[in-house]
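Notes follow the structure.
The values are calculated or read from the model by the stated rules, or taken from the named source; none is laboratory data. Predicted model, so just to flag it, every value in this text is computed and none were measured. Heads up, the Cβs are rebuilt from the backbone with ideal geometry, glycines too, and the neighbour counts pull from every protein chain shown.
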Amino acid sequence: MEESFFMDNSQKFCSHCGQKIQGNEKFCTNCGAALTSEANTNTNDSNVDVNETVNKAKNFSSNYFAWFLKTLKQPSEVVSDTHKYFGMVSFIIEGIITAWIMNIFASPLVDGINNALGEADNVAAWSGFARTDYLNLSFIVLLIFVLALTAIRVTAGFLSRRIEGSKISYLDYANDLAGITNITLVIELIILLFALISSYPNAIIMMLVSINFLFANVGYVFSLIRENSHLKCNRVYTVALSFVGLSVVSFIFSMLFMTIVFR
């Protein structure tokens, strides 16, 4: 049977007979037992940890995809046993796609400025950034902007539900809203495909954007009225106030964000 040796500080000893081991012998010179290094044990443990992480990631992705398909088929139905971060994953993916689309449409603007300005002025205007560098930076800025607006939207809906008397948690509401509006993710993927073909907004893209905007707003309203309200006031006013609050906060944030970015 293969035995391992143990270490005491920098000294190595046979775990079978306790004999001190010199160098990197593979067998104990006293009893002849086979020695397995601690490094091999640590490597095996690391491999097990990596495999567990990979398996968890596979299970999460497969469960998310199953949940995503269910919400596309029945967006008005609540999917039970949903992972608490599924909604956040949808919003992050949607944010990446939206920022990508906006960045594609920003590309002709950058090219137009580059053509309008002289080379010296161009360097000064873009602070030495090349076109690719600027577009990469703008994508990051747009992604932060889109995700922040999404967070404001989820927070506004969550607060409205809590004001109505619901005990729903923030992540559960995020799952609720994402489950209703996951169709917008599919629409944005289609918009992205058209944007990659034509970097200028055309009639088809504008029509898809309008449909996407419609589904997003209908989903937001439905997420507010899904449960029975405990308020005495009519729900029409609750939804209207939620939209007004969301619009005001989003507008203020957008102005502050652009002021910080373009100052």
(request) Tell me which residues, restricted to the range 81-109, are more than 19 Å from Leu137 (Cβ to Cβ) and of a type outside the set (D, E, K, R). (result) Thr82, His83, Tyr85, Phe86, Gly87, Met88, Val89, Ser90, Phe91, Ile92, Ile93
(request) Could you tell me whether any residue of the range 168-179 is modelled with pLDDT of 90 or more, among the polar types (S, T, N, Q) and farther than 18 Å from Trp100 by Cα? (result) yes
(request) Count, please, the residues in the range 230-249 that happen to be in a loop (DSSP other than H, G, I, E, B) and at pLDDT 75 or above. (result) 0
